[in-house]
Amino acid sequence: MILAPSILAADLGRLADEIAAVERGGAGLVHVDVMDGRFVPNISLGPAVVEACRRATRLPIDVHLMIESAERHLDAFVDAGASSVNVHVEAVTHLQRALDHLRRRGVGAGVALNPSTPIGALEEILPEVDVVLVMSVNPGFAGQTFLPGSLDKIRRLRESIRARGLPARIQVDGGIHLGNIRAVVDAGADTIVSGAATFAGGDPAAAARALIEAAG
Ligand code: DX5
Ligand code: ZN
């Protein structure tokens, strides 16, 4: 299991320290949530923050684009230092082209699914996806409550990937904490995004360690 702390919940005035802390705590990825106030209600971070993360750590930087017309902004995030970029299937019309572009630029290509989007939406594209980002909250804010129906969705996705012999990883994002991380991993997730559970308690290194331990 790889822990991917979301800096949306970090103290951005101390970004480099917050990232260093989760790195000490065993995090394997830094997750950056990008919101445009259109695809989701909130506005958050952009390429300049990805650049700041890139300077602060050697960990891979995973960008989650919760924006409309994401295909117009892929290069800006790759140029800023993203190691992988996730686009929402609900927000990109020519998904195959976007994923192909990311792969040609040498970064991981991910597809995110809102809670109400069925995994069948990936039927044709799954062989070309490095990671499926299963949203376990409606995207827009840190600190929301995990939607329990996500567990069955993760199980069905894991089974479909296995049955088709595909390499896609499963990353799960939203409302994950010490009390449910084990169930999410047992359902088939291999990468766990965590915002509030990592940063809200004031000791992100210890919180990251505890989450990794609780994941089993
Ligand atoms: C939700 C974001 C998540 C979120 C995770 O819109 O995509 O990455 O920040 O935060 P928690 O773990 O607090 O739900
Ligand atoms: Zn996210």
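Just a few scattered comments:
- Among beta bridges that DSSP assigns inside segment 1-127, antiparallel share in %, nearest 5: 5 percent
- Solution diffusion estimate, µm²/s, Stokes-Einstein, segment 69-111, Kirkwood Rh from C-alpha pairs, 37 °C, viscosity 0.692 mPa s: 328 µm²/s
- Subtracting the Cα-Cα distance of Arg103 and Ser69 from 0.36 nm times their residue separation leaves 10.4 nm of extension gain.
- Heavy atoms of Phe199 accessible to a 1.4 Å probe, total area in Å² rounded to 10: 10 Å²
- Estimated 222 nm signal from helices in the chain, with DSSP H stretches of n ≥ 4 weighted -39500 (n - 2.57), rounded to 500: -9500 deg cm²/dmol
- Rel. contact order, % - alpha carbon contacts under 8 angstrom, at least six apart, segment 106-160: 36 percent
- Choice from Leu15, Leu99, Leu65 showing the highest fluctuation, given a GNM over the chain with Cα pairs closer than 10 Å: Leu15
- Across the protein chains, with a 1.4 Å probe defining accessible surface, the residues Arg164, Arg58, Arg97 rank Arg58, Arg97, Arg164 from largest area downward.
- Loop-located GluC sites (Glu not before Pro) in segment 1-84 (DSSP state other than H, G, I, E, B) with a sparse environment of at most 15 neighbouring Cβ atoms within 10 Å are absent.
- Antiparallel bridges, percent of DSSP beta bridges restricted to the chain (to nearest 5): 5 percent
- Using the Cβ-Cβ distance between Asp203 and Leu147 with R0 set to 22 Å, the FRET efficiency from 1/(1 + (r/R0)^6) comes to roughly 0.20.
- Exposure ranking of Met35, Met1 by accessible area [1.4 Å probe, largest first]: Met1, Met35
- Taking every alpha-carbon pair under 8 Å whose residues sit at least 6 apart, segment 42-147 reaches a relative contact order of 22 percent.
The values are calculated or read from the model by the stated rules, or taken from the named source; none is laboratory data. If you're wondering where the values come from, they're calculated on a predicted model, not measured in any experiment. Quick reminder, even Gly has a Cβ in these numbers, built from the backbone with ideal geometry, and neighbours come from all protein chains shown. Only protein heavy atoms, including side chains, enter the accessible area calculation; ligands, DNA and RNA are left aside. Shrake-Rupley method; radii C 1.70, N 1.55, O 1.52, S 1.80 Å.
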